[in-house]
Amino acid sequence: MSLAADAANLSKPGSRSVLGALAVLLMAAFTIGTNSAQAAPWAEVGDRSLRNDIEILHARGLVSGPITTWPIPIGFFSALRDAQSLVGQPEYVQMAAQRVLARLDTHNDDGKPLHAAGAFRLSSEPNLIRDFGNNARDEADVRVGVDYENDRFTANLRVGALSNIDGDGYRFALDGSYVTALLGNWQTYGGWVEKWYGPGHTSSLILSNNARPYPKIGITRNSPEAFETKWLSWLGPWQLDFNVGLLEEDARVERNTGLGSLRFTFVPVKGLEIGITRSVQFCGGGNNCNPLEAAFAINNTNSDRNNSNDQASIELTYVHDFNVVSFSPYVQFLNDDTGPFTHSYTSYLTGLHWTGPWETNGAQWSLTAEYTDSRATLDWFTFGKRLPGFAYNNDEYVDGFRYRGRTLGFSLDSDSTLFSLVGGLTDSAGRHYRLAWYNAHISTTELAAIQAEGGFRRNTVSAQPVTVDQIEGGISLPWRNFLFDLSVRWQDEQPFPDRDSAFNVEAGVQFRF
């Protein structure tokens, strides 16, 4: 039986979904594990404090770039294992290095191949605005499992569920289950892997952790060494991530749609990272199924249509360390289902990120200002030519770039803007404090009118335009093998059809023994 056939079983209800999901994971584990050399874990999506530590170390030249493709394999952190590399570094930099290594090396030296792990999250209401951090996707978001490690590969199994507090709306989940292995400097993987493509801290236009992870198999580089040939060495350190997955869900109109992604990032000069990503939906429902044709069908206009649904992003990230403060501006452009240079249907993201030491005891602070705009324009920077509902929507793939009800990229879906201002403080004990303000404009009157008439163009967050201000405060507390976090949010308005202000509280704990 093929991997695609096993994965297709996920769209069937009841026990078949569970068996099909487990079959995909076990098949990927067998395929990868029987050809592997040695296991290599990675820094996963979801830990804001860990990401800030990595960006501080990257700005100081202690972590190899590029670092905007998550998860980041362990080979990117090899320089941290040389004690001499930290000599003369400020205390807050040394403590950031210690925390990163401690997180990556958990239980690696205890001689036990199996470890229990899991996460429990409870929320009075799932957060409207999802950022890089781990947030509950329902009122109850629970998963438990085991991690297996040997000298050939690693495997994580997470069995969980999402539901309301009272158990209604129960949904089985294998989110976070995956296997990885090394083939030389290439890390292969398969399973339900959380990913984040791009420099944004609050949003990514092309791929974020807004939607639940879909099952995929892929390959990425474990270490970003530059090419040795003079013809390509100018690219500097580089990373490539390629994966193919399946958007499997009962509610999907185009059932069992394939999704392939290819991402290439490189650092041609010190401090400058360039990222290029292309994602393609193919097959599914009544669409012609020719993955090879979809992979190379770059142009797509009204006069030259193809049978795929495409997205592409281009990013520029710059980082400079002034010894006291690190400064990083970044931009991301998303083009939807069009030719690369004309009729590009472009959405935009831009931001500034600062980090620096807090006093002299090893504590550090961060501040991020970010703006995201998914009101697509006809071509780059032609802001007078807005195209309502073109971001994430497609007339042939009517589900669009969404999975299980949420966009794969920007959490507020099409025709929305979001400004965020987020401050963070990590103290010398590793406790992370966070305060954020969000100003969101969800949907537009033009898109709402189109959506009311039916059709494929829509915003799944709110059927009517609404402006929301949200204030959020949170704390993360590491303690032994646990990571506790608590967030309190207040927002002055709700997506349609709800109204009025609301307080939300979310608490969670992650553990690994």
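The values are calculated or read from the model by the stated rules, or taken from the named source; none is laboratory data. If you're wondering where the values come from, they're calculated on a predicted model, not measured in any experiment. Every residue, glycine as well, gets a Cβ built from its backbone with ideal geometry; the counts of neighbours run over all protein chains shown.
Can you tell me which residue among 282, 227, 266, 242 is modelled with pLDDT of 75 or more, touching a helix residue (DSSP H, G or I) at 6+ places or on another chain (Cβ under 7 Å) and surrounded by fewer than 18 Cβ atoms within 10 Å (Cβ to Cβ)?
227
Does region 91-101 contain at least one residue that is within 21 Å of the chain's Cα centre (by Cα) and either surrounded by fewer than 19 Cβ atoms within 10 Å (Cβ to Cβ) or at pLDDT below 95 (or both)?
Pass one, region 91-101, residues within 21 Å of the chain's Cα centre (by Cα): 100.
If we keep only those that are either surrounded by fewer than 19 Cβ atoms within 10 Å (Cβ to Cβ) or at pLDDT below 95 (or both) as well, we get 100.
Within region 91-101, one or more residues are within 21 Å of the chain's Cα centre (by Cα) and either surrounded by fewer than 19 Cβ atoms within 10 Å (Cβ to Cβ) or at pLDDT below 95 (or both).
Note down all Cβ pairs under 7 Å where the first residue falls in region 132-152 and is under 27 Å from residue 114 (Cβ atoms) and hydroxyl-bearing (Ser, Thr, Tyr), the second is in a loop (DSSP other than H, G, I, E, B) and modelled with pLDDT under 95, and they're at least six residues apart or on different chains.
148/113
Quick one: which residue in 137, 152 is crowded, with 21+ Cβ neighbours inside 10 Å and basic (Lys, Arg)?
Checking each option against the conditions leaves just 137.
Residues in region 231-240: is at least one of a type in the set (A, V, I, L, M) and over 23 Å from residue 42 (Cα atoms)?
yes
Limited to region 261-287, what total is found for residues that are closer than 20 Å to residue 401 by Cβ and within 19 Å of the chain's Cα centre (by Cα)?
Summing the residues that are closer than 20 Å to residue 401 by Cβ and within 19 Å of the chain's Cα centre (by Cα) in region 261-287 gives 11.
Residues in region 159-211 that are in a loop (DSSP other than H, G, I, E, B) and either among the hydrophobic types (A, V, I, L, M, F, W, C) or surrounded by 20 or more Cβ atoms within 10 Å (Cβ to Cβ) (or both): how many? Before you say what the answer is, go through the steps one by one.
Initially, region 159-211 is screened for residues in a loop (DSSP other than H, G, I, E, B), giving 164-170, 174-177, 184-185, 192-195, 198-206, 208-211.
Okay, now just the ones that are also either among the hydrophobic types (A, V, I, L, M, F, W, C) or surrounded by 20 or more Cβ atoms within 10 Å (Cβ to Cβ) (or both), so 165, 174-177, 192-193, 195, 198-206, 208-211.
Result for region 159-211: 21.
Going through 487, 443 one at a time, which residue ends up being under 27 Å from residue 500 (Cα atoms), crowded, with 21+ Cβ neighbours inside 10 Å and more than 22 Å from the chain's Cα centre (by Cα)?
443
Which residues, taken from region 455-476, are surrounded by fewer than 17 Cβ atoms within 10 Å (Cβ to Cβ) and not in a loop (DSSP other than H, G, I, E, B)?
If the condition is that a residue be surrounded by fewer than 17 Cβ atoms within 10 Å (Cβ to Cβ) and not in a loop (DSSP other than H, G, I, E, B), then 467, 469, 471, 473, 475 are the ones that fit.
Would you mind finding the one in 143, 137, 158 that is more than 17 Å from residue 511 (Cα to Cα) and among the basic types (Lys, Arg)?
Criteria check complete, one pass: 137.
For region 298-314, state whether one or more residues are modelled with pLDDT of 85 or more, loosely packed, with under 15 Cβ neighbours inside 10 Å, part of a strand (DSSP E or B) and out of contact with any helix residue (DSSP H, G or I) (no Cβ under 8 Å at 6 or more places or on another chain).
No: region 298-314 contains no residue that is modelled with pLDDT of 85 or more, loosely packed, with under 15 Cβ neighbours inside 10 Å, part of a strand (DSSP E or B) and out of contact with any helix residue (DSSP H, G or I) (no Cβ under 8 Å at 6 or more places or on another chain).
Being at pLDDT 95 or above and within 30 Å of residue 365 (Cα to Cα) is the requirement here; does residue 467 meet it?
yes
Does region 33-55 hold any residues that are over 15 Å from the mean Cα position of the chain (by Cα), of a type in the set (A, V, I, L, M) and at pLDDT 90 or above, and which are they?
Across region 33-55, the qualifying residue is only 54.
So how many residues does region 495-511 have that are surrounded by 15 or more Cβ atoms within 10 Å (Cβ to Cβ) and in contact (Cβ under 8 Å) with a residue 60 or more places away in the chain?
Taking region 495-511 and keeping what is surrounded by 15 or more Cβ atoms within 10 Å (Cβ to Cβ), we get 495-496, 502, 504, 506-511.
Remaining after also requiring in contact (Cβ under 8 Å) with a residue 60 or more places away in the chain: 495, 502, 504, 506-511.
Number of matching residues: 9.
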